[in-house]
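Peer 1: Next up is a structure, given as structure tokens.
FYI, it's all coordinate maths here, none of it is from the lab. If you're wondering where the values come from, they're calculated on a predicted model, not measured in any experiment. When we count neighbours, we look across all protein chains shown, and the Cβ atoms used for this are built from the backbone with ideal geometry, even at glycine.
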There are 2 protein chains.
Amino acid sequence: MNVEFINPFITSLLNVLEMMGHTELTAEKPKIKKNVVSMGDISGLIGMVGPKTKGSLSITFEKSLALRIMLRMLGERKNEIDEEVIDMVGEITNMVSGGAKKELSIKGYEFDMATPMIVSGANHTIDHIHDGHVIIIPFSSDSGQAFIEICFD
Amino acid sequence: MNVEFINPFITSLLNVLEMMGHTELTAEKPKIKKNVVSMGDISGLIGMVGPKTKGSLSITFEKSLALRIMLRMLGERKNEIDEEVIDMVGEITNMVSGGAKKELSIKGYEFDMATPMIVSGANHTIDHIHDGHVIIIPFSSDSGQAFIEICFD
């Protein structure tokens with residue numbers, strides 16, 4: 001998996017959170033996931049299927065960051081992850097993968113996306129069952145961390 | 001979503017766990033997920049993409065059941081969910097969706113499957129972001145509960 005493939009996901013998350021969530025994230029260097037654990041409290045997961053390949057994407061947020069985005073995006077102050085926060089993370093997941101798909105399509109990478117799933121639970125981790133590598137991109141912000149994990153066979 | 005579509009997933013999970021995991025599950029009546037929360041400690045998630053539809057599948061286990069299957073399937077007694085248990089749930093997810101796909105293909109339903117993802121974390125819940133219904137099928141056993149959730153647009 002090369003940078004050309006990963007960058008659209010990074011750009012897409014940064015754009016979506018800046019424009020919709022009024023939150024600036026800073027992307028750290030992408031790493032191959034191997035003895036790196038990304039833990040979070042709410043994640044959007046989406047399966048991807050292309051003519052020649054298949055993969056998976058997860059976007060994980062710490063609770064503090066998810067609740068801050070909720071406040072900035074929808075003006076609602078929450079103390080816990082509830083149905084509305086779940087829907088917001090679903091919407092963000094859709095927008096990020098949709099944005100990346102559009103960008104990648106221009107570069108000749110074609111894939112379809114499955115229905116997103118949202119996982120809620122304190123300190124959960126995600127493993128991608130795969131033949132290739134999993135790339136993890138950590139993001140920092142004023143309100144907590146986020147992670148993108150991408151895996152393509 | 002009709003019974004013809006759901007049954008192959010139920011049969012496939014029962015078969016895989018009986019043959020590979022030497023564990024007998026009892027399927028309860030499928031329900032439309034609505035104010036029903038299925039909580040578990042380890043889940044296999046898989047995205048599905050067909051020519052006319054897309055969807056998602058999750059298989060969630062209570063920790064006690066996952067560890068019991070680990071013991072019966074691989075002869076290893078674990079006290080916690082670790083990398084090997086995660087791989088086992090990944091394998092089960094692959095086998096269940098592969099079995100269901102084969103059965104559904106015979107009935108004329110075609111779809112491709114994305115890479116499975118495994119979520120680990122005590123008491124997590126899963127939400128499927130969708131336009132249609134989410135069907136939830138609870139399973140009971142001598143060692144704890146499992147749930148299948150299926151959603152197709």
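Peer 1: Before anything else, pin down the relative contact order of region B:1-84: Cα pairs under 8 Å, at least 6 apart, normalised by residue count, whole percent.
Peer 2: In percent, rounded to a whole number, it is 23.
Peer 1: Give me Rg over Rh for the protein assembly as shown, both radii from the alpha carbons and Rh done the Kirkwood way, two decimal places.
Peer 2: Over the Cα atoms of the protein assembly as shown, Rg/Rh equals 0.95.
Peer 1: With +1 on each Lys and Arg Cβ and -1 on each Asp and Glu Cβ, how big is the dipole of region B:63-102 about its Cα centre, in debye rounded to the nearest 20?
Peer 2: 340
Peer 1: Within 10 Å, at most 16 other Cβ atoms, and a DSSP state outside H, G, I, E, B define an exposed site. Report the longest part of chain B free of exposed trypsin sites (Lys or Arg not before Pro).
Peer 2: Free of exposed loop sites, the longest segment is B:108-153.
Peer 1: Please check which bits of region A:126-145 a label hung off A:R72 would reach, taking the label as a point 7 Å along Cα-to-C-beta and the cut-off as backbone N under 16 Å.
Peer 2: A:139-145
Peer 1: A:G144's amide H: which non-local residues (gap 5+, or another chain) put their own amide H closer than 5 Å, with H modeled 1.01 Å from N in plane and none for Pro or chain starts?
Peer 2: Counting only residues 5 or more places away or on other chains, the set is empty.
Peer 1: Right, another one. 7 Å from Cα along Cα→Cβ at both A:H133 and A:E24: what's the point-to-point distance in nm?
Peer 2: With each label point 7 Å from Cα toward Cβ, the separation is 3.0 nm.
Peer 1: Along Cα-to-Cβ, 7 Å out, sits the label point; list in nm, shortest first, how far the one on B:T11 is from those in the other copies.
Peer 2: Inter-copy label distances (nm, one decimal, shortest first): 4.8.
Peer 1: In this model, which of A:K34/A:K78; A:K102/B:K54; A:K78/A:K101; A:K31/B:K54 are farther than 24 Å apart at the alpha-carbon?
Peer 2: The answer is A:K34/A:K78; A:K78/A:K101; A:K31/B:K54.
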